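Single-structure report; data block below.
Taken together, the values in this text are just the output of simple stated rules run on the coordinates, not laboratory data. As the structure is a prediction and not an experimental result, all values here were calculated from the model. Glycine also receives a Cβ, built like all others from the backbone with ideal geometry; neighbour counts cover every protein chain displayed.
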Amino acid sequence: MSTQPVMNTYSRLSVAFDHGQGCWLFDTDGNKYLDALSGIAVCGLGHAHPAVTTAISEQASQLIHTSNLYTITNQERLAERLTQISGMDNVFFGNSGAEANEAAIKIARKFGHTKGIEKPTIIVMEGSFHGRTMATLSATGNRSAQAGFEPLVGGFVRAPYNDVDAVKNIISNNANVVAILVEPIQGEGGIIIPADDYLNQLRDICDAHDMLLMLDEVQTGNGRTGTYFSYQQNGILPDVVTTAKGLGNGVPIGACLASGKAATVFGPGNHGSTYGGNPLCCAAALAVVNTITEEKLDQRAAELGNKIADGFRAQLGDAAYVKEIRNKGLLLAIELTEAGTELAVLSKVKGVLLNVTGGGKVVRMLPPLIMSDTEAELLVNTVSRIIKVYMADE
Ligand SMILES: *Cc1c(COP(=O)(O)O)cnc(C)c1O
C-alpha cells in the first residue's frame, strides 16, 4: 500500500501557494487567486499585512518563547486590550480554538463542582462545531465528525440551535446543567444566524439558574461580524467567550476570556499550556487587535458584508436553485437548494478561493476584513457567474 507522508485527514485541492499580498494569493505556478476564505476566517488582515509582519519579525529577533513560569509582558498587554474591548475580566491563552474551548469546558466543570454538582453537564447545540480534541469533538453537534471516535466525553446534552424552549426544557429536567456553550452564529454548520434575541434569552436563562453562558466566538470574533465580538450586538456580557482564528492572522493563538464568577474559577495548577500566550504569538495578536480597532475594521466588515450580500442578491436572488443569501458582516453564505460541493474546485480554477459547508449546499465566503470595494465587486461577479454556469443557468 502506498501512503503519503502527510496523514490523510483533509481532502485537499491541488494547489500550493507561494506567497500572498492583501486579499491575493499566488501559487507556485504564478497564478493569482482572490482569497475569499482567509484561511477559514484566520487572515482577517489579509496576507503579508505590514503591521503583523513587523510585529512578528521584531519580536522574533528579540525573543520567541520563555515560559508561563515567568511574566510575559506581551501576554499581559494583549490580555489588557482584549478585556478592554470585550468587557470581560481576564484571559487564558492557548494555541487554537479547540484549546480555548477546552479551557471553557474545564471552567464550567470546576464551577459546577464548586457548587456541589458532581456530574456537571453543559448544554451544547445541534449543528455546532467546537473543535477536534476529544472534549470539543464531544461538544460538537455533527455525528459524522464523531463517528469512529467513541467513547465520547460525557457531560454534554444537546438542544436544537435557536430553540430557547428546548434549552428551558432540558434545564427543568436536569439539575446537573452548569453552562450553555453556543456559537453566536454557526460557522461550520453553514453560517446559521439565529433570532436577534437568541443570546439575550440564553443570558436570561443562565442568570435565572446560576449557569454560565459560554460563547464560542472562534470564528465570529475579531471583527468579522461587524463588532469586535458578535455578542456585542446583543448588548450582553457572557461569562465565558472563546476566540482564536482571526486573533493571530495566522500565528497560532487562542483565548478563553472570563467575567465575574467564571473569572475566579481557575487557580494555579488548574490549567496550562507550554506555548500558550508566548511573546511571539502575543506580539502578532496585539498587532491584529490594534489594527482592527484603530482602523475600525469591524465596522468595515459590517458595511462590506452587506454590500457583498446585496450584490449576490441582485445577481442570484431570483434563481430557483438559490434558497437563501445571508450574512452577518463578512460571514457570508449562499445556500443552494442542491449540493454544490464541486463549486470550491470550480471557483479555484476561476481564481477565487471559497469553500462549501452545511452538507455541501452552503457556499461560504469569509473574505479578509481589508477587502476593497473593487475586490468585493470582482468577488460577487466571479462567484455569481460560476454558480450560474454550474447550475447550467446560462
Ligand atoms: C474553527 C472552529 C473551532 C476550532 O478551532 P481550531 O483552531 O481548529 O481548534 C472551534 N469553534 C468554532 C466555532 C470554529 O469555527
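Structural remarks
- Efficiency of FRET between Lys350 and Thr54 - r from beta-carbon atoms, R0 30 angstrom, step 0.05: 0.35
- Angle of helix 198-209 to the longest C-alpha principal axis of the chain, folded into 0 to 90 degrees and rounded to 10: 10°.
- Under the simplified labelling scheme, the Asn200-Arg77 pair shows an inter-label distance of 3.9 nm, with each label point 7 Å from Cα along Cα→Cβ.
- Percent RCO, i.e. relative contact order, over the chain, from Cα pairs under 8 Å lying at least 6 residues apart: 22 percent
- Fewest-first sequence of Lys115, Lys348 by Cβ atoms within 10 Å of each Cβ: Lys115, Lys348
- Size-normalised alpha-carbon gyration radius of the stretch 191-318, reference 2.2 N^0.38 Å: 1.23
- Exposure proxy for Ser11, Ser347, Ser372, Ser138: other Cβ atoms within 10 Å of each Cβ, ordered fewest to most, give Ser11, Ser372, Ser138, Ser347.
- Across the chain, counting alpha-carbon atoms alone, Rg and Dmax equal 20.9, 65 Å.
- Estimated FRET transfer efficiency (Thr374, Leu13; beta-carbon r; R0 22 Å; 0.05): 0.30
- Most fluctuating residue given options Gly30, Gly221, Gly248, as computed from a GNM of the chain linking Cα atoms under 10 Å: Gly30
- For the stretch 41-119, with +1 on Lys and Arg beta carbons and -1 on Asp and Glu, the positive-most of Ala41, His113, Ala100 along the dipole: His113
- For the peptides 208-214, 119-125, residues were scored by their other Cβ atoms within 10 Å and the scores averaged per peptide; the highest-first order is 119-125, 208-214.
- Nearby lysines by direct alpha-carbon distance to Lys350 (threshold 30 angstrom, same-chain neighbours under 8 apart not counted): Lys32, Lys245, Lys307, Lys323, Lys328, Lys361, Lys388
- Bridges between two residues of the stretch 1-80, per DSSP, are antiparallel at a rate of about 100%.
- A straight chain from Asn162 to Leu237 at 0.36 nm per residue would run longer than the Cα-Cα distance by 25.1 nm.
- For the stretch 257-394: Kirkwood Rh in Å [reciprocal of mean 1/r, alpha carbons]: 17.5 Å
- Expressed to the nearest 5 percent, the antiparallel share of DSSP beta bridges inside the chain is 65 percent.
- The order of Cys281, Cys206, going from fewest to most other C-beta atoms within 10 Å of their C-beta, is Cys206, Cys281.
- Efficiency of FRET from Cβ geometry, Thr337 and His65, R₀ 45 Å, rounded to 0.05: 0.35
- Here the translational diffusion coefficient of the stretch 349-389 follows from Stokes-Einstein with Rh set to the Kirkwood radius across Cα pairs; for 4 °C and 1.567 mPa s it amounts to 116 µm²/s.
- The region of the chain that goes longest without hitting one of the chymotrypsin sites (Phe, Trp or Tyr not before Pro) in a DSSP loop, each with at most 12 other Cβ atoms within 10 Å, is 150-394.
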